[in-house]
Every structure is written in C-alpha cells, then in structure tokens.
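*Asks:* Structure incoming, see below.
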Amino acid sequence: MSADRTPHAPKAAPTRTGPLAGIRVVELAGIGPAPMAAMTLAELGADVVRVDRPVPSLVTDGLDRGRRSVVVDLKHPQGPEAVLRLAERADVLIEAYRPGVAERLGVGPVEALRRNPRLVYGRMTGWGQSGPRASTAGHDINYVSLTGALSAIGRAGGPPQVPVNLLGDFGGGSMYLLVGVMAALHHARSTGQGQVVDAAIVDGLTHLSSMVWAQRRYHGWTDERGTNLLDTGRPFYDVYETSDGGWFAVGALEPQFYARLVELLGLPEWAGCQYDAGHWPAMREAFAAVFASRTRAEWEEVFDGSDACASPVLNWAEAVRDPHLAARGTHDRVDGGDVPSPAPRFSATPTRTAQAPGPVGGDGRRVLTDWAVRDADALLAGGSVREA
C-alpha cells in the first residue's frame, strides 16, 4: 500500500466525546495491531498523538485516522527527550517495536515511567517481550500457526485456511492490548501507579481460543481439522453454494433452529436426524443439492425473518448495503470512502468515527502547546521535533 496521505489542514485540539475523553495517548508509529488499538482509543474519546518518523514507512495500513501527527527524529540527540516530554503529559504510551528497540532508542518503559510514574506503557508484539522467539521476525500467519488456531481452520482432508489477519493481529493483538491498557489505566487512576502492559499476539490468541480448549478437554473436540461442531464438521454448521455461484451460511445448532431450517429447505425427512452422525454425509449432500437449486437472492427471501440461522455470505461491498447493518449505522463515510463505525456503543458517552489524518508532522507545534510540553520552542528550534 502507498505511504501517501491525502493532505488536510493541521488539526486543532478536537472536542472529544466518548468514555475516554480527557485521556492522552502517545503512539509510537508502527503498523498493524498497535495502530488499530490507537485508532480505537481515539474513537473512544482519547486525545491520541502519533509520533511519526521523519521518513514515513513505505508500508502503511490506513489505520492512522483519528489522531494528530508529530514528527520526532529519534536519531537526533534530543529526539528521545522529545518523546519523554510527551510521555510526561500522557496517560498512555503505545509502542510496537521488537523487544529492546525502545530501550536502545532511549524511550523504553524505565525512562518513561521515571518521568511519569502514572504512565501506562503498552507494548504490542507478536511473540511477547520474552521467550526464544521474542527477537525474531513474524507476521500474523506465523503467530496464528504456533498457537494451534491455524491448524483448526479448514475442511477435513484439506490444508489449513488463512483467516486474513483478523484473528491474530486484531483479535489476539489489538483487542488484548486495549484490554490491558484499559485495566492498567483504571489501576493507575486508582493508585497513582503506572505499569507496563506486555501484549503478545500469541498470548491473546491463545486466550481467545479458551472455548476450543474447554471443548477439547470436556466435549471431545479433536485436533482433526473439519470434524468438529464449529469447523464444518457438521452439515448444519457449514456454507453451501447457490445456483448463481453465491454462498449461504448455516448455523442451526439448537434443535428448534434446525427444525426450522429443514422445514424451509423442504427437507422434513431430516427433522429427526440432527445429531445422528451416521446420517451426516447424506444430510450434507441433501442440503447441498437443495441450496444449489435456487439463487442466493431467492434463498434470502425464503429465510428472511426466520429463526433458521441461515444467512447470505456477503462480500465487503455488499455488507455496506445490508439492510440490518445499514439500519444500525455499522458503517460510516470518511473522505468519500466506507469505514467501520466505532464499536461498541455507549448510551451516555457516544463515540465518533475517527476522521482522516492530516499531513505527517503537521500538528507538532499545536500538540506541544496543547499538552503544555516543557520547552516546546526549544524542541522545535533544535530540530528534534520537525514541523511539516
């Protein structure tokens, strides 16, 4: 993806709404799960300042909405000092370097917490801050593979299927970093004591898999892919192709929902066979044949408003137009493009969709002023903080 940004005017200190209004966050720029967490904090109302490099990365992820940008040259003699002075004024700092890099740059947790004992220092990595793989490179697919989760995704007899990077980077990564930061922030506000949050994708994803671990222990879930209750091992929890090449998802686990499913499929002969494993191969063939007899749109009409737990498989563009998601405002528009709306929703402290970023480094002087950073003029004049 391109590193270019559409230029916008530098952003003034925004009027914040949301449950985290009044919280200040420093984000040391990276990609993937840490930016997702920072964007979410901004949508929850925090004032998030992204510390960008003088030379932007060639790899971007489009997750830089909702915060102001300050360019700091960490190779400048006063660069680390500039970051630490921001940390003095912050409640949270987030970084996603490999273990030891922040320390070598002079902005590690010891230095930051010495300046601000109430600071929550969030660290986002794939492998964690310790362990034999901690210093090695990796990506979502590697973290998911090591936890056992990748081996469980796919059909029986087929290869593991890669779940984009939603499961590792954002499920096991961003969301657990957010949980850790929120919990540590509550502790800091209660006690005045900050701390380090070591958020590792392998830890978060393993914890995210708690139900599967429980099923393995108590309910016979096996390590054979595609043979279990929720991994296409049951014909009433699977996807079926329609006559026009579309797909329909079926998740009729409970008996009453299964009964409605076979009724609407016109297959009443299968009503009493839901958990009879001997009938599953023939049941699957029957379901597949019936679904293949109509288009996806026709099946949508059949199942509309029913409790059969059957739904069309939509692509990204179709999801924006889905009547239910549209009615809830699950998507929003930013700069003429579709983006997800903030989640979850709050009755007393409504959130706002993170808006498009301004130019890299375009907010340096204003942020230093708004946050009352010590000797801001000297940092700007000396070149450690660069203005766009």
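*Asks:* List, in order, the whole-Hz ³J(HN,Hα) value for each residue of segment 48-57 obtained from phi through the Karplus relation with A = 6.51, B = -1.76, C = 1.60 and θ = phi - 60°; use x for Gly and Pro.
*Replies:* After applying 6.51 cos²θ - 1.76 cosθ + 1.60, I find 9, 10, 8, 8, 8, 7, x, 10, x, 5 Hz.
*Asks:* Something else: So, taking all protein chains as they sit and a 1.4 Å probe, how much accessible area belongs to TYR237, in Å² rounded to tens?
*Replies:* Near enough 80 Å² of accessible area.
*Asks:* Where does helix 79-88 land angle-wise versus the long Cα axis of the chain, in degrees 0 to 90, nearest 10?
*Replies:* Orientation of helix 79-88: about 70 degrees from the principal axis.
*Asks:* Sticking with this structure for a sec: Read phi for every residue in segment 112-121 and hand back ³J(HN,Hα) as whole Hz from Karplus 6.51 cos²θ - 1.76 cosθ + 1.60, θ = phi - 60°, with x for Gly and Pro.
*Replies:* Those phi angles translate into 5, 6, 5, 6, 9, x, 8, 6, 9, 9 Hz.
*Asks:* Per-residue counts of other Cβ atoms within 10 Å, averaged by peptide: what ranking do you get for 58-69, 25-36, 276-287, highest first? Walk me through the numbers on the way to the answer.
*Replies:* Details: 58-69: 19.2, 25-36: 23.9, 276-287: 13.9.
Those peptides, ordered most packed to least, come out 25-36, 58-69, 276-287.
*Asks:* Tilt of helix 255-265 relative to the longest C-alpha principal axis of the chain, in degrees (0 to 90, nearest 10)?
*Replies:* Here the helix axis deviates by roughly 70 degrees.
*Asks:* While we're looking at this one, here's another question. Under 8 Å for C-alpha pairs, at least 6 residues apart: give me the relative contact order for segment 23-85, rounded to a whole percent. Numbers along the way, then the final one.
*Replies:* Numbers: 83 pairs, mean separation 20.6, N = 63.
For segment 23-85, the relative contact order is 33 percent.
*Asks:* Could you work out [θ]222 nm for the chain from helices alone, using -39500 (n - 2.57) per DSSP H run of at least four and dividing by all its residues? Round to the nearest 500 deg cm²/dmol. Spell out each step's value before the answer.
*Replies:* On the way: 15 runs with 132 residues, N = 388.
Helix contribution divided over all residues of the chain: -9500 deg cm²/dmol.
*Asks:* Given H placed on each backbone N at 1.01 Å, which residues far from GLY361 in sequence or on other chains put an amide H within less than 5 Å of it?
*Replies:* The list, which skips near neighbours in sequence, is SER69, VAL70, VAL71.
*Asks:* Please compute the net charge surrounding PRO54, taking Lys and Arg as +1 and Asp and Glu as -1 over other residues with Cβ under 12 Å from its Cβ.
*Replies:* 0
*Asks:* Going by a ≥ b ≥ c, the root eigenvalues of the Cα gyration tensor, does segment 324-381 fall in the rounded group (a/c under 1.5), the prolate group (a/b larger than b/c) or the oblate group? Let's see the in-between values first.
*Replies:* Working: a/c = 6.46, a/b = 2.27, b/c = 2.85.
Oblate.
*Asks:* Rounded, prolate or oblate: which fits segment 33-145, taking a ≥ b ≥ c as square roots of the Cα gyration tensor eigenvalues, rounded meaning a/c under 1.5, else prolate when a/b beats b/c?
*Replies:* Taking the square roots of the gyration eigenvalues as a ≥ b ≥ c, segment 33-145 is rounded.
*Asks:* Something else now. So how do 259-266, 289-296 stack up, highest first, on mean other-Cβ count within 10 Å?
*Replies:* Working: 259-266: 18.2, 289-296: 15.2.
So the order, starting with the most tightly packed, is 259-266, 289-296.
*Asks:* Something else now. Enter the Cα centre distance for the pair segment 41-82 and segment 206-255, rounded to the nearest angstrom.
*Replies:* 41 Å
*Asks:* Of all the accessible heavy-atom surface of the chain, with the other protein chains kept in place and a 1.4 Å probe, what percent is carbon and sulfur?
*Replies:* Numbers: 10720 of 19300 Å².
Taking all protein chains in place, the chain shows 56 percent carbon and sulfur surface.
*Asks:* Could I ask something else about it? Rounded, prolate or oblate: pick one for segment 271-388, where a ≥ b ≥ c are the square roots of the eigenvalues of its C-alpha gyration tensor, a/c under 1.5 means rounded, and failing that, prolate if a/b is larger than b/c, else oblate. Don't skip to the end; give the middle numbers.
*Replies:* Details: a/c = 3.59, a/b = 3.35, b/c = 1.07.
The shape class here is prolate.
*Asks:* Amide H to amide H, which residues 5 or more places from GLY246 or on other chains are under 5 Å from it, using H placed in the peptide plane?
*Replies:* Residues meeting the amide H criterion: ARG296.
*Asks:* Same structure, new question: Find the centroid of the Cα atoms in segment 259-305 and in segment 167-196, then give the distance between the two in whole Å.
*Replies:* 45 Å
*Asks:* Between TRP247 and LEU229, what is 0.36 nm times their sequence separation minus the Cα-Cα distance? Round to one decimal in nm.
*Replies:* Details: separation 18, 0.36 × 18 = 6.48 nm, distance 1.98 nm.
Stretched fully, the TRP247-LEU229 segment lengthens by 4.5 nm.
*Asks:* Next question, about the same structure. Taking Cα Rg over 2.2 N^0.38 Å straight from the coordinates, which label in [x] 1.17; [y] 0.92; [z] 0.96 is the correct one?
*Replies:* Given [x] 1.17; [y] 0.92; [z] 0.96, the structure-derived one carries the label [x].
*Asks:* Continuing with the same structure: Of the peptides 365-371, 242-248, how do they stack up when ordered by the mean number of other Cβ atoms within 10 Å, highest first?
*Replies:* Details: 365-371: 18.9, 242-248: 15.4.
Sorting 365-371, 242-248 by mean packing, highest first, produces 365-371, 242-248.
*Asks:* Averaged across orientations, what area in nm² does the convex hull of the alpha carbons in segment 39-98 project? Each step should come with its number before you reach the end.
*Replies:* Working: hull surface 18.9 nm².
Across all orientations, segment 39-98 yields a mean hull projection of 4.7 nm².
*Asks:* Just going by the charge dipole of segment 120-253, with Lys and Arg at +1 and Asp and Glu at -1 on Cβ, which of LEU166, TYR237, TRP213 is farthest out on the positive end?
*Replies:* Result: TRP213.
*Asks:* Right, something else. Can you tell me the 0 to 90 degree angle between the C-alpha axis of helix 175-191 and the longest principal axis of the chain, rounded to 10?
*Replies:* 50 degrees
*Asks:* Taking θ = phi - 60°, what integer Hz values does the Karplus form 6.51 cos²θ - 1.76 cosθ + 1.60 yield along segment 63-75, in sequence order, with x for Gly and Pro?
*Replies:* 9, 9, 6, x, 9, 8, 10, 10, 8, 10, 8, 6, 8
*Asks:* Would you please give the FRET efficiency between ALA134 and VAL334, computed as 1/(1 + (r/R0)^6) with r the Cβ-Cβ distance and R0 = 30 Å, to the nearest 0.05? List each step's numbers first, then the result.
*Replies:* Working: r = 36 Å, r/R0 = 1.21.
It comes out at approximately 0.25.
*Asks:* For ASP61 and GLN256 in one chain, what is 0.36 nm times their gap in residues minus the Cα-Cα distance, to one decimal in nm? Mind showing how you got there, number by number?
*Replies:* On the way: separation 195, 0.36 × 195 = 70.20 nm, distance 4.35 nm.
Extra length available between ASP61 and GLN256 comes to 65.9 nm.
*Asks:* Can you pull the one-decimal nm distance between simple spin-label points at ALA214 and ARG374, each 7 Å off the Cα toward Cβ?
*Replies:* Inter-label distance under the simple model: 5.0 nm.
*Asks:* Name the residues whose placed amide hydrogens come within less than 5 Å of the amide hydrogen of HIS331, ignoring near sequence neighbours (fewer than 5 apart) on the same chain.
*Replies:* Correct list: SER341.
*Asks:* Using a Förster distance of 25 Å, how high is the FRET efficiency between VAL164 and GLU301, based on the Cβ-Cβ distance and rounded to 0.05?
*Replies:* On the way: r = 30 Å, r/R0 = 1.20.
Efficiency, rounded to the nearest 0.05: 0.25.
*Asks:* Also: Figure the gain on full extension for ALA289 and SER341 (residue separation times 0.36 nm, minus the Cα-Cα span) and round it to one decimal in nm. Spell out each step's value before the answer.
*Replies:* Numbers: separation 52, 0.36 × 52 = 18.72 nm, distance 3.82 nm.
Gain on stretching ALA289 to SER341: 14.9 nm.
*Asks:* Residue farthest toward the positive end of the dipole of the chain, with Cβ of Lys/Arg at +1 and Asp/Glu at -1: which of SER306, HIS76, VAL197?
*Replies:* HIS76
The values are calculated or read from the model by the stated rules, or taken from the named source; none is laboratory data. Fair warning: this is a prediction, and the values are worked out from it, not measured in the lab. As a convention, Cβ positions derive from the backbone with ideal geometry for all residues, glycine included, and neighbour counts pool all protein chains shown. Just the protein is used for accessible areas: all its heavy atoms, side chains included, with ligands, DNA and RNA removed. Shrake-Rupley method; radii C 1.70, N 1.55, O 1.52, S 1.80 Å.
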